[in-house]
Structures are given as C-alpha cells and as structure tokens.
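Read through the structure below, which is laid out as structure tokens, and then see the notes.
Computed from the coordinates by the stated procedures, all read-outs in this text should not be read as laboratory data. Treat the numbers as computed from the prediction; the structure is a model and nothing was measured. Positions of Cβ are generated from backbone atoms using ideal geometry, with glycine treated the same way; all protein chains shown enter the neighbour counts.
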Amino acid sequence: MAFDYQTLKKITNQAIVDGTITDADIANTTVTAAKIDAGAVTAAKMAPSSVDLGGPKVTGSVAVSKGGTGLTGTSGAYRIVRSDGGALSNDNHGVASIQVWTGNGTWTRPSGVRYIKVQAQGGGGGGSGHGEGGAAGGYTERFLDVTGISSVSINIGGGGGGTYYNGRSGNGGTTSFGPYCSAQGGHGANRQANHSGGVSGNAGGGQLNIHQGGGFCHHSYSSQSCANTFFGGGTPGNHPQGGHFAHNHQNHSTQGTGGSGAHFHGHRGSDGRPGIVVVTNYY
C-alpha cells in the first residue's frame with residue numbers, strides 16, 4: 001500500500017498498540033505540555049509507582065491554587081504554615097517573649113511579633129495611722145494587633161505617700177500603655193471620709209477593666225488581705241512593738257497594692273506601691 005501522509009496525520013491513540021512507543025523512541029523535549037490535551041493522561045494510563053514524587057525528577061513546588069503549599073522547605077524547626085490571605089509561609093508561632101516595666105519606658109515591637117497582651121496596674125494609695133489604709137490601683141488587660149504599630153510609650157503610676165493618723169495620704173498615679181489602655185491609681189487613706197480607707201482606682205481602654213482592693217478603716221492594722229491586686233498582696237501587719245513596721249517593710253509587697261495603716265497614732269502608714277506594665281509578645 002502506498003504511503004498516505006494524510007492518513008498518518010490522523011493516527012489516534014486507539015491505533016497504537018500498548019507499549020509499542022517507548023520513551024527511548026521519543027527525542028528529548030519533543031512531547032511538551034502544549035502537545036498534550038487536558039485530561040489525556042489519566043491515572044488509568046499510568047502504571048503503579050510510575051510517578052515518584054520523592055525522586056530527583058520532581059522539582060519546584062505545587063502552587064496553592066493547585067492544592068499545594070507553594071513552599072519548597074520548612075525554614076527551621078517548630079514553625080507553622082500560615083496564610084496571609086494569598087500566599088503561605090513558614091513562620092514562628094506562640095509566645096515570643098515577656099517584657100516588664102516598673103518605670104517609664106517604651107515598648108518596641110520585636111521582629112515577627114503580630115499580637116501583644118498588655119497588663120497594666122495603677123499605683124496604690126498611701127496608708128495613714130491607726131489602721132487607715134490606702135487602696136490598690138485599678139487593673140486593665142488588652143490584646144492588640146501590632147502589625148501596624150512600631151512603638152508605644154509606657155507611663156508607670158507612682159505610689160501615694162503614707163501619713164500619720166487621720167492624715168490624707170497620697171493617691172497613687174495612673175499607669176498607661178500609650179493611648180490604648182490605662183489604670184488609675186488607688187486613693188490614699190481618708191481621701192473620701194475621715195478614718196476611712198481609700199477607694200480603689202478605675203481602669204479603661206482594655207477588654208478587661210476592674211477596680212481592686214480598697215483600704216481598711218480606723219482600727220484595722222493591715223492591708224494585706226484588703227488592698228490587694230491581680231499580682232498579689234500588700235504589706236505586712238503591724239504591732240505596737242514594731243513601731244513603723246509597715247512603713248519600714250512597704251517594699252515587701254506587690255506592685256500597685258495600697259499602703260497599710262500603722263498601728264498607733266504616732267506610727268506612719270506605709271506608702272502605696274508603684275504600678276507595673278507586663279507585655280506578652282506573640283508571633
């Protein structure tokens with residue numbers, strides 16, 4: 001039969017006996033993706049294990065739009081795959097660090113940090129004589145997305161000064177984390193009424209804003225179980241033999257607690273404790 005070029009052009013896959021054309025009969029690059037119809041190569045036409053994804057013949061990465069990750073490596077241990085709404089990436093996750101301020105300063109966003117938890121405690125009010133105690137400062141907590149924030153100023157409220165019997169003790173100062181949240185200081189003894197303990201400070205700007213312990217009144221001799229804060233308890237109790245005992249040990253207490261009242265008229269109440277800011281950084 002004479003050679004018919006037009007007939008040869010019309011050879012289909014049904015006209016080819018299985019196995020008669022091998023890869024050795026095909027020159028390199030002669031069969032390209034452009035020459036293969038969509039769906040022409042199906043799973044039924046591939047022998048088991050014919051495609052080895054673990055072998056060196058597979059390069060690059062599968063795009064997200066094709067069901068892959070678009071990633072070629074893990075970029076280190078203990079990382080997660082994270083989406084930005086378009087691409088995927090290998091990133092750190094969890095807690096990055098914890099920072100504490102007991103004096104004024106500036107928080108600067110660490111590299112890779114996306115969220116923070118702020119805990120701010122106002123300063124405590126001062127105590128007076130004869131058991132009249134100052135109040136604890138307010139307390140606030142807030143979570144912030146800081147991807148667009150580079151730094152924040154921090155102000156720590158001081159503690160109110162202690163006085164003698166029936167004296168108006170000093171109020172605690174306000175603690176703030178920039179414009180985002182703040183905790184007011186507790187009032188000193190006798191600020192609202194004579195012979196009365198101070199009223200605790202308020203707070204604002206956080207997802208949690210609370211008052212804390214108020215001060216004891218006349219004839220009560222410790223703020224340890226009263227003018228407490230989220231972070232802990234106040235100064236130790238008094239006895240006449242101890243003299244200015246509470247005042248002398250006022251630093252042995254938690255930030256933001258109110259000062260305890262002294263035992264007698266001639267003994268000085270303890271100062272309130274300054275506030276504190278704790279920032280937990282998250283990837």
Under 16 Å from the Ser65 label point (7 Å along Cα→beta-carbon), backbone N, segment 72-96: 85-88
Distance in Å, no decimals, from the C-alpha centre of segment 244-273 to the one of segment 38-113 is 56 Å
How many lysine pairs in the chain, separated by 8 or more positions in sequence or lying on different chains, have Cα atoms less than 24 Å apart? 10
How big is the C-alpha Rg of segment 94-283 next to the rule-of-thumb value 2.2 N^0.38 Å, as a ratio? 1.05
Could you give the dipole magnitude of segment 107-217 about its Cα centre, charging the beta-carbon of Lys and Arg +1 and that of Asp and Glu -1, in debye to the nearest 20? 180 debye
Per the helix-only model, the chain has a calculated mean residue ellipticity at 222 nm (DSSP H runs of ≥4, -39500 (n - 2.57) each, divided over all residues, rounded to the nearest 500) of -500 deg cm²/dmol
Run a plain Debye calculation on segment 86-156 (Cα atoms as equal point scatterers, no solvent) and give log10 I(q)/I(0) at q = 0.11, 0.20, 0.25, 0.26 Å⁻¹, rounded to two decimals, same order as the q list. -0.43, -0.95, -1.25, -1.31
I want to make sure I understand the PRE zone here: with the label point 7 angstrom from the Cα of Thr280 toward its beta carbon, which residues in segment 60-85 have backbone N atoms less than 15 Å away? none
Report the gain in length on full extension from Met46 to Ile16: 0.36 nm times residue separation, minus Cα-Cα distance, nm rounded to one decimal. 9.2 nm
Between Phe264 and Asn251, what is 0.36 nm times their sequence separation minus the Cα-Cα distance? Round to one decimal in nm. 2.6 nm
Where nothing but the Cβ of Lys and Arg (+1) and of Asp and Glu (-1) is charged, how large is the charge dipole of segment 94-283 around its Cα centre, in debye to the nearest 20? 160 debye
Quick check: pseudo-label points 7 Å beyond the Cα along Cα→Cβ at Leu208 and Asn166, how many nm apart are they? 4.1 nm
